[in-house]
Every structure is written in C-alpha cells, then in structure tokens.
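Asker: Have a look at this one before I ask anything.
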Amino acid sequence: MAFHLQGVSLRYGAQTALEDVTLDIAPGEAVGLVGPSGAGKTSLLRLLGAALPPTDGLLAIAGQDLATVSPRALRQLRASLGFIHQDLRLVPNLRVSQNVLAGRLGRLGFLGSLRHLLLPPRRELASVHALLERVGIEDKLFARSDRLSGGQLQRVAIARALHQQPLAMLADEPVASVDPARARDTVELLTRICAEEGLTLVMSLHNLALAREHFPRLVGLRAGRLAFDAPVDQVTEAQFAALYTLDAPAPPGSAHGG
C-alpha cells in the first residue's frame, strides 16, 4: 500500500483533529478528500506527508511504519512525497526555475542546496524546462514568481512537486484561491499527470463538483472521523448532504480538527 492507516488518531494538546481513522490507499490510486472546514482534511494530509506522527494507531507509508523508521529514513521519506499546499509556499522573489529546483532540496545538504539554486547544472535546468512545458508555462522559466498569475503559480507548484520525483502527490486545497475555470483546469492537469506517471494522488477539495468529476474514489471527513469511503458512483446524495449540513449528526465519537 502507498498509505496504510489503522485506528489512527491525532491530537493537538487537548484538541482532537482525527479519531480512529482506518484507510488504505493503493499505489497509483487517485483519492479525493471532501468535507466541511475543520473536518480534519489538512490534518490527514499532514499525516500522509509524514510531517507529524499519529497520536495513536498505525501509520505506514510505502510500507514503512512511521513509529519505527530511523530519523534519516524519515527525512528521505518526506523528501519522496510531493506536497502542494493551499498557499503554494513559493518564494515570490525567486525565479520560477529556482522555485521548481527547490523541490529537490530535501535530498541535499546546505551547501549542495545553495549551489543547486544559484548554479544549477544544465541537465537540471533542462529537466525543469521540460516540467514547465508539461504544465504549460515553459516560457516562464526565468520569470520572477511574483509576476505570475494565480493559475500560473499553481502550475509552478505542481512542477516543483514533480521535480521531487515523488512516490505520491498530496495536495491541500490547491485551487482554493482561483476562479472556477482555472480551478477545473488545474485539477484536470494534476489528475492527468499523476495518472500518466502512475503516481498516487490524494487531494482535498471544498468544491464537491470537481471532486465528483475527477476522482474515482472519495473519502468524506466530518468532525475528524470518516463519514464515508467509497467509489464516487456509490456515494449517495444523502451522504453528500449530511457531510455539509451544519446540524447533521457527526459520525459516532466525533472529533474536531483542521
């Protein structure tokens, strides 16, 4: 399995973000995470990205139990997971090429990282250019990132994550800040590339229509617990409605988190 969670809970002090989550995601699978704000989608993605360990339960990524891996293996695992954050986390005053090159800095030491950004080998620049061509902004290779549109910045973030040569791609509301047309284009692009590369993709989305259109499997979260986990054509309208209805009862033993 790309990701295996068994009875996973996550707490931040006294606050419970996830409660008793059991989930398996196979290599190459595309999964959409849906649910209201505070349902636990971001917390789940942080766990899948090995950014933090679960408070309780078993979490294994690519067959490695996070409770037993060495610090070095954990760093390598994190570097092998592409993560597209909601705020994209690009450096505005760097060129596009440098932001994409930063995708591999987790595999390099400090001096190697500095040299990699300031004097990248030609083969690295060629690789970056090929990725930018793939996402449709090859003409922006040397442009400053703060001069790009929101949609173009999303594509830089996708290229950066791909430059990591990841085992899996995780995306936390990557289209929250753009208009619906650009959001659809970005989701289509990311799902297509991951399918072509055989990459596991887990993406959280507030836009239920996009999730239903582009993901064959949907995981619904409400109050930190799984509300449903099923092929998209098996999730009922009643389940979707209950997921977002403010006064709907939460799943048994509900938690509260981001």
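The values are calculated or read from the model by the stated rules, or taken from the named source; none is laboratory data. Everything numeric in this text was worked out from a predicted model, so none of it was measured. A quick note on method: Cβ atoms are made from the backbone with ideal geometry, for glycine too, and the neighbour counts reach across all protein chains shown.
Asker: Please indicate, with yes or no, whether at least one residue in segment 31-41 is in contact with a Leu (Cβ under 9 Å, 6 or more places away or on another chain), part of a strand (DSSP E or B) and basic (Lys, Arg).
Answerer: no
Asker: Go through segment 172-197 and count every residue that is over 14 Å from the mean Cα position of the chain (by Cα), under 23 Å from Gly38 (Cα atoms) and in contact (Cβ under 8 Å) with a residue 12 or more places away in the chain.
Answerer: Of the residues in segment 172-197, 4 are over 14 Å from the mean Cα position of the chain (by Cα), under 23 Å from Gly38 (Cα atoms) and in contact (Cβ under 8 Å) with a residue 12 or more places away in the chain.
Asker: Would you check which residues across segment 192-219 are in a strand (DSSP E or B) and under 17 Å from Thr236 (Cα atoms) and list them?
Answerer: Within segment 192-219, Arg217, Leu218, Val219 meet the criteria.
Asker: Return yes when Gly40 is at pLDDT 95 or above, among the small types (Gly, Ala, Ser), buried (at least 19 other Cβ atoms within 10 Å of the Cβ) and farther than 19 Å from Ala227 by Cα and no when it is not.
Answerer: So Gly40 fails the test.
Asker: Of these, Leu52, Leu59, Leu45, which one is crowded, with 18+ Cβ neighbours inside 10 Å, on the phi < 0 side of the Ramachandran plot and either in contact with an Asp or Glu (Cβ under 6 Å, 6 or more places away or on another chain) or assigned to a loop (DSSP other than H, G, I, E, B) (or both)?
Answerer: After applying the criteria, what remains is Leu45.
Asker: Quick one: in segment 87-115, of everything that is in contact with a Lys or Arg (Cβ under 7 Å, 6 or more places away or on another chain) and not in a loop (DSSP other than H, G, I, E, B), which residue is modelled with the lowest pLDDT?
Answerer: Gly106
Asker: Could you please let me know if Gln6 is polar (S, T, N, Q), surrounded by fewer than 19 Cβ atoms within 10 Å (Cβ to Cβ), on the phi < 0 side of the Ramachandran plot and part of a helix (DSSP H, G or I)?
Answerer: Against the criterion (polar (S, T, N, Q), surrounded by fewer than 19 Cβ atoms within 10 Å (Cβ to Cβ), on the phi < 0 side of the Ramachandran plot and part of a helix (DSSP H, G or I)), Gln6 does not qualify.
Asker: Restricting the first residue to segment 81-96 and requiring it to be closer than 12 Å to Thr42 by Cβ, which pairs with a second residue that is of a type in the set (D, E, K, R) and assigned to a loop (DSSP other than H, G, I, E, B) meet a Cβ separation below 6 Å and a spacing of at least six or different chains?
Answerer: Within 6 Å, the pairs are Gln86/Glu173.
Asker: For segment 125-147, give me each residue that is among the hydrophobic types (A, V, I, L, M, F, W, C), out of contact with any strand residue (DSSP E or B) (no Cβ under 8 Å at 6 or more places or on another chain) and surrounded by fewer than 19 Cβ atoms within 10 Å (Cβ to Cβ).
Answerer: Selection gives Leu125, Ala126, Ala130.
Asker: So, one more: Of the numbered conditions (1) at pLDDT 95 or above; (2) surrounded by 14 or more Cβ atoms within 10 Å (Cβ to Cβ), Thr68 fails exactly one; give the number of that condition.
Answerer: (2)
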